[in-house]
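Worksheet: the structure to be examined is printed underneath.
A short reminder: the numbers here are calculations on the coordinates, not readings from a lab. Just so it is clear, the model here is predicted, and its values are computed rather than measured. Here the Cβ positions follow ideal geometry from the backbone for every residue, glycine too, while neighbour counts run over all protein chains shown.
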Amino acid sequence: MKDIQKYDVVILGGGATGMAVATHVRRCRDLSVIVISKDSHVSYSECGIPFKLAGKIQDFDSLIVRTPDFFDKMRIDILLETEAMKIDLFKKEIDLKDREIAFDRLVIATGGKHRIPSNLQQSLDLKGVFTLQTLSDGMKIESALLSAENVVIIGAGAIGVEVAAGIAKRGIGTTLINRSTSVLSRLIDNDMSEIVREHLTSIGVKLITGEFPERIGGQEKVENVILSGKKLPADVVIISTGIVPETGLARKAGISTGELGGIVINDHLQARIGDEFSTDVFAGGDCCEVTDLVTSKKSLMQLAPVARRMATVIADNICDKDTVLGPLLGPSVYVAGDLLIGSVGLTSRKAKAEAMTIVTGYATGVTHSTIFPNSSDIHIKLLFRERYLAGAQVIGNTGVKERIDSLAFMIKKKTTVDEMFTMETCYAPPVGTVVDPLFYAVKDAYRNMKKEKEK
């Protein structure tokens, strides 16, 4: 018979949501808490791993946010490299390999798992073939890069682009392959994607779009990637073809998942079991579906700030503070070499999929007065729906995050093109221009709206 230990709160998953729930709960109430994670580390910056591979961060220890001593002092128990085998919602127990853990409240924060195309799955056991999600993954890739001459990255989403740029900057031959004809196609429009393409090419990334590998070649170790019948030499292959919600354990327990594969939650982040939402089972992070503020439809927003915000809502409700999570925008910014790429709200692709009519405005300006050194171009694209700002994309070397943050707030406040036309911005030659480039993008949208009306 297995040992049974009882906790007030059991958390499955030691990522951004799970660890933040644990610490928040311990700070607000004297509850017993345990975190169960398949990972070998907890409380580290996943988003920082590409920059360690780029050589911008000295060592992997720098990515550790909280050490085990911190959690010991918080009296949070942690089981690493431990897989939960079964959730019994009736008994309120979690089956582990060697024991059972009973709970009063359960938090499912199991994150996501890699979506590996079927024709590549058989190559995962080859030495030199990697996926990138955990700190351990990053350490293994770093070790392999030390002797690598040719790296092939499959998938030009955010992580693929960041990693490709970083590795190329190290002087290693880098090829980035993407099924779509553009990079970052879920985040930015094709015209903005061309700016990223040019930058990646300029720093040494060989970019192949509109194609996908037939297979990865090699006996015990990777030797090449087969693409359109040709063999691309490869010492290291990184598969970065997307993340899907990790919900297998939850589904087997009877917890509902939605059309996108994520756990169904209400605004208190309580999981749905059958036709009702449980008051004792919560879920948050990459394994859940949230509501998109612009489309009002379900979405997967697999972003660290979203995970952290969901953790606060879960912990508050466990601590009997009535807190809800409303619809989200999920603003994001990524770094590819020297280029910052920001996006929020609608893209043209998403608008077309939702049959939404949009008008766009575009402008290119400079980050600050050219009388000061290091001024560079910044590209701004705005998307309006019925005169309301509904999406924005900004690309440049500086000033991207700040603009995306403010534009996200404007979308949330339902700002119109007319209101943006009267906006005021500050100016000093070292940090800005007399007329911010954002104003010219608004002006372009205003003109385009007038043209549409005259048709």
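Nearest 500 deg cm²/dmol is fine: what mean residue ellipticity at 222 nm does the chain get from its DSSP H runs of n ≥ 4 alone, each adding -39,500 (n - 2.57), divided by its residue count?
Values: 13 runs with 126 residues, N = 455.
Value at 222 nm, helices only: -8000 deg cm²/dmol.
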The chain: Kirkwood hydrodynamic radius (Cα pairs, Å) comes out at 23.8 Å
Per its Cα gyration tensor (rounded if a/c is under 1.5, else prolate when a/b beats b/c, else oblate), segment 116-241 is best filed as prolate
To the nearest 20 debye, segment 348-455 has a Cα-centred charge dipole, built from +1 on Lys and Arg Cβ and -1 on Asp and Glu Cβ, of 500 debye
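Cα-Cα over 18 Å: which of K140/K230; K140/K231; K413/K451; K38/K113?
Values: K140/K230 28 Å; K140/K231 24 Å; K413/K451 26 Å; K38/K113 12 Å.
Over 18 Å Cα-Cα: K140/K230; K140/K231; K413/K451.
Report the gain in length on full extension from S62 to E211: 0.36 nm times residue separation, minus Cα-Cα distance, nm rounded to one decimal. Write out the running numbers ahead of the final one.
Numbers: separation 149, 0.36 × 149 = 53.64 nm, distance 3.68 nm.
Extending this stretch completely gives an extra 50.0 nm.
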In the chain the DSSP beta bridges are antiparallel at a rate, in percent to nearest 5, of 55 percent
Whole-Hz Karplus couplings 3J(HN,Hα) for segment 75-87, θ = phi - 60° and coefficients 6.51, -1.76, 1.60, Gly and Pro as x, run 6, 10, 7, 10, 10, 9, 6, 10, 9, 6, 8, 7, 10
If the chain between D72 and A353 were fully extended at 0.36 nm per residue, the gain over the current Cα-Cα distance would be 96.3 nm
Per DSSP, the loop-located GluC sites (Glu not before Pro) within segment 213-321 having at most 10 other beta carbons within 10 Å are E220, E259
Here, trypsin sites (Lys or Arg not before Pro) of segment 1-67 satisfying both criteria (DSSP loop; at most 15 other Cβ within 10 Å) are K2, R29, K56, R66
Taking M410, M310 and counting other beta carbon atoms within 10 angstrom, the fewest-first order is M410, M310
Footprinting proxy, F384, F409, F439: sorted fewest to most Cβ within 10 Å, the residues are F409, F439, F384
Ranked on Cβ counts within 10 Å of their own Cβ, fewest leading, R251, R309 go R251, R309
Low-density loop GluC sites (Glu not before Pro), segment 22-106, at most 11 other Cβ within 10 Å, DSSP non-H/G/I/E/B, are E81
With +1 at each Lys and Arg Cβ and -1 at each Asp and Glu Cβ, the charge dipole magnitude of the chain around its Cα centre, to the nearest 20 debye, comes out at 820 debye
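Provide the FRET efficiency to the nearest 0.05 for the E149-F409 pair, computing r from the beta carbons and using R0 = 41 Å. If you can, show how the numbers build up before the last one.
Values: r = 46 Å, r/R0 = 1.13.
About 0.30, to the nearest 0.05.
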